[in-house]
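What follows is calculated from the coordinates using simple rules that are stated; it is not laboratory data. Owing to the predicted nature of the structure, the values given are computational and were not obtained by experimental measurement. Neighbour counts run over all protein chains shown; Cβ positions are idealised from the backbone, glycine included.
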Amino acid sequence: MFIRSASVIALTLVAPGSAFAPQPMGANSQTKTALHEANLSGASLNLDPELSAAIRSQVNYKPGEADTAFAKKYKHLVGKRLKTVGEAMNEFTQSLVVTVNPLYKNMVTDLVGTTHLIVVNARFQRDPLWCVGILSALDLLLKNYPEPEVGQKVINSLFKSVDMDEAEVRAEAQVMLDWISGKSAADVEAALSGEGDSPLATLSANIKADEFWMYSRYFGIGLLKLMEEVGIEMDKDEVYPIMENWMQNKLGVSHLTACADSDMYFMIRNKLSMMETMMKEIEIREKKRMAERLEEKAEMALLAAEKESKLQAEIDADGSTKEPEKVDA
């Protein structure tokens, strides 16, 4: 957009009769080259030198060749082909085979796309806390899936679509969950500060040492899971200041996105809880109606049996009172 705007300004300011004005179709290549060089240098336009330099840097840019720490660190990824969201979704669908329940279709589609965009980022690094977060999110979203076996299949297919081994993710998450068992909030804060040799302390040290460390939603949910494990009340107003303290003061990174994600987590959890309550009420009503229908059928069957019994008794009574026919000798 910046380059296009600069080009438009350049073409507007050039005098119509100048050698660098837009030429009709068929203009010779020397004129075109001169126009290109003039637009880049800004000499004939009296452009600001900084603007001219910015235009040249954009036009001459080559991936991974910038003289920055970021470009040098990720230069080895230049030219690497990345899977698109559409391809990830296609792999998910082929692995799942069955159709996703209509109530969960939009949610599952968003889940696959969001997770894919996280893991293909060059800055992404999987860690035990991230693993705890994604498994906690999946458990929250799919725990009431109508067909449990299909819900598990959705999880399997999701990990396949992002080229991860589900068993490895669960094993890494279990390392963190084993450590947090029996710990307190103070223990977590100490580990986040880098004290000790726990998995969380190691993770904290890695984050502080990496200036390009990338936060993602599942990392924040992983922190929420740790809060739950140490007995912190799972309420968004209680969690917000703790999340802010852990991210900003203990890890030394921005807390804004993590706090926003925690608010979203509680909002979704409340909505799912309301939906679960509604579904249970519907289930109870359906069971009650079914019981009433069964009771009506039983009463009708009992009445029919009583009617048949009375009819049979009347037939037997008529047969016993009837005189036997005489037989001639």
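Go through the range 195-204 residue by residue and turn each phi into a ³J(HN,Hα) via Karplus (6.51, -1.76, 1.60, θ = phi - 60°); whole Hz please, and just put x for glycine and proline.
Using θ = phi - 60°, the values come out as 7, x, 10, 6, x, 6, 5, 4, 4, 4 Hz.
Need the C-alpha centroid separation for the range 108-139 versus the range 200-279, integer Å.
14
Stretch VAL98-THR277 to full length: gain in nm at 0.36 nm per residue minus the Cα-Cα span?
61.8 nm
So which lysines can LYS75 reach, going by Cα to Cα under 30 Å and dropping same-chain residues fewer than 8 places off?
The qualifying lysines are LYS62, LYS83, LYS160, LYS208.
For the pair PHE70 and MET164, what calculated FRET efficiency results from E = 1/(1 + (r/R0)^6), where r is the Cβ-Cβ distance and R0 = 25 Å, to the nearest 0.05?
0.50
Please list, or write none, the lysines whose alpha carbon is within less than 23 Å of the alpha carbon of LYS280, excluding same-chain residues fewer than 8 places away.
Within the straight-line cut-off, LYS280 pairs with LYS105, LYS143, LYS271, LYS288.
For the range 45-143, state which trypsin sites (Lys or Arg not before Pro) are in a DSSP loop and have at most 14 other beta carbons lying within 10 Å of their beta carbon.
Sparse-neighbourhood loop trypsin sites (Lys or Arg not before Pro): LYS80, ARG81, ARG123, LYS143.
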